[in-house]
1. Quick one: which of 416, 355, 376, 388 is free of Cβ contacts under 8 Å to residues at least 40 places away in the same chain and either part of a strand (DSSP E or B) or in contact with a strand residue (DSSP E or B) (Cβ under 6 Å, 6 or more places away or on another chain) (or both)?
2. For segment 334-349, enumerate the residues that are modelled with pLDDT under 95 and touching a strand residue (DSSP E or B) at 6+ places or on another chain (Cβ under 9 Å).
3. Would you mind listing the helices (runs of 4 or more DSSP H) fully within segment 1-64 where at least 1 residues are assigned by TED's automatic domain parsing to the domain that holds residue 280 and modelled with pLDDT under 95?
4. Can you tell me which condition residue 514 does not meet? The list is (1) buried (at least 20 other Cβ atoms within 10 Å of the Cβ); (2) in a helix (DSSP H, G or I), and all the others hold.
5. Filter segment 576-589 for residues that are farther than 21 Å from residue 452 by Cβ and not in a loop (DSSP other than H, G, I, E, B); which is nearest to the chain's Cα centre (by Cα)?
6. Scanning for something in contact with a helix residue (DSSP H, G or I) (Cβ under 9 Å, 6 or more places away or on another chain), buried (at least 21 other Cβ atoms within 10 Å of the Cβ) and at pLDDT 90 or above, does segment 309-321 turn up at least one residue?
7. Tell me the helices (runs of 4 or more DSSP H) entirely within segment 198-296 that contain at least 3 residues that are buried (at least 20 other Cβ atoms within 10 Å of the Cβ) and modelled with pLDDT of 90 or more.
8. Would you mind finding the one in 498, 568 that is out of contact with any strand residue (DSSP E or B) (no Cβ under 9 Å at 6 or more places or on another chain) and closer than 25 Å to residue 392 by Cα?
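The values are calculated or read from the model by the stated rules, or taken from the named source; none is laboratory data. All values reported here derive from a predicted model rather than from experimental measurement. Here the Cβ is made from the backbone with ideal geometry for all residues, glycine too, and neighbour counts use every protein chain on show.
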């Protein structure tokens with residue numbers, strides 16, 4: 001892709017500046033904007049393919065609607081980079097997803113042009129309806145426009161919102177960004193017909209849409225029929241699902257053709273009286289060859305060279321936790337035909353793609369439908385199978401009622417493989433796995449584990465396979481492991497039993513999960529100043545190893561718990577145990593080290609944990625203070 005000069009883009013400081021451009025200039029601007037986005041993401045990494053797919057749509061929406069009074073609500077928000085460039089953040093794009101920089105998603109605190117923050121899918125239509133109600137009740141807001149992808153609109157929450165919005169019958173807009181189907185008509189043909197059809201601002205939008213298919217020549221009419229089948233699932237259906245829900249359906253249109261986008265959006269804005277859905281077909285990675293040719297359309301990329309598309313990916317020193325999980329589960333499934341894998345639109349992100357390679361008929365991707373995925377797993381478990389439900393920690397939150405009602409209450413042996421536990425880096429607080437320990441440990445019948453390293457993860461997969469007495473969950477972080485020597489096969493762990501890794505006498509540190517390496521560094525420092533430290537790996541948050549806790553409490557001056565999770569998790573469970581058994585007697589100093597009670601913005605994971613106060617230095621200072629040792633004096637004595 002040749003770098004473009006940006007004479008038009010240089011004139012755009014806010015969307016209002018687009019109003020002075022002609023349609024020809026708006027079309028030219030899209031080429032400059034696409035080049036600008038590629039150049040920016042090459043420096044930072046990020047969600048490139050989805051953003052390139054909506055360049056024309058972004059320009060057209062801002063040119064036609066009156067933002068920020070009119071509310072553009074981007075579903076998920078990872079396609080918002082062109083939007084950020086046009087809304088006064090172009091000079092900060094080099095800080096995208098970086099510490100102290102702008103978010104990779106929409107964020108209310110960042111700009112008035114981001115009316116609703118998002119990083120999880122399928123929320124936009126619900127939010128748009130909320131803005132619509134606010135407008136109709138006299139609040140100073142204009143039209144609400146939700147831009148949602150074909151993957152996100154398949155989720156249950158989006159259907160619920162469509163049903164509610166259709167029943168309300170209020171004026172609002174939903175743009176279906178369909179990048180699974182492309183329209184390739186003869187050059188200019190569709191533009192010519194649409195220009196004729198939508199040129200006049202007068203008339204009824206319903207009649208205009210009704211005449212849409214009839215006005216198209218044969219080949220284009222076939223495309224329209226296929227599009228209708230896409231959204232209805234029924235061959236020959238004369239009305240779309242959206243129309244049955246109460247929406248006026250317009251489309252499909254080519255989302256990369258400004259000669260189609262502009263007249264359609266202008267006419268819809270002028271004529272709409274109720275809810276309207278405009279079906280735009282786009283291509284992920286559009287206009288940048290390496291992205292268009294990539295299997296994942298450059299959904300998420302590291303920094304890269306613009307000319308070649310070559311990504312600057314760091315060579316890992318150890319296999320990732322995700323890979324270890326996928327390979328271990330696949331290996332165990334070779335021996336156990338009851339094992340099945342379930343994920344919610346994240347097969348590669350969870351390692352389930354590895355499982356699928358060897359067991360394709362036993363892997364089920366349910367799409368963006370975590371609620372369904374959890375209950376599907378519950379049904380499979382009730383039917384005698386061993387389902388492994390592999391979902392990111394922050395996404396599993398979306399299926400919590402199903403975990404409570406359909407799994408825990410019925411004591412069904414669903415295995416939850418929880419990826420992205422802890423802080424995750426550039427994706428920031430929306431993807432942080434901070435809360436799963438607390439929300440799972442609160443449930444009766446649930447067993448909760450956390451892997452201290454990749455070898456422990458292998459053992460926990462084996463433990464989950466063998467466990468049939470109820471639901472069991474194990475959490476592990478994003479990224480590469482510690483490089484530890486891997487076991488040839490997993491060992492089935494005794495439920496509710498931790499391990500002592502190092503015996504000392506002054507301070508006991510009880511670690512839960514993958515912060516063990518940082519704890520070991522802290523212990524090296526404490527021992528250098530003459531403090532004797534016991535290191536224990538809890539392995540289980542529920543059930544707790546009460547004998548281990550009693551031993552640590554009895555034989556040490558101070559007990560420190562450490563976890564990569566929020567307050568109310570493992571440390572709280574330990575405090576409950578100590579309090580309820582009378583072990584908080586004033587002799588023992590107890591400290592719980594958790595993530596703080598706030599959301600932590602994006603940065604490198606190490607920097608995020610530093611912000612959270614969970615570095616080796618923080619651990620040392622906390623442990624020494626609890627033991628009554630002056631940290632500053634001990635530091636000076638080294």
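1. That would be 355, the only listed residue that is free of Cβ contacts under 8 Å to residues at least 40 places away in the same chain and either part of a strand (DSSP E or B) or in contact with a strand residue (DSSP E or B) (Cβ under 6 Å, 6 or more places away or on another chain) (or both).
2. Of everything in segment 334-349, those that are modelled with pLDDT under 95 and touching a strand residue (DSSP E or B) at 6+ places or on another chain (Cβ under 9 Å) turn out to be 344, 345, 346, 347, 349.
3. It comes to 23-44, 48-52.
4. (2)
5. The extreme case among them is 576.
6. Yes - at least one qualifying residue is present in segment 309-321.
7. The helices (runs of 4 or more DSSP H) meeting that bar are 258-271.
8. When all the criteria are applied, what remains is 568.
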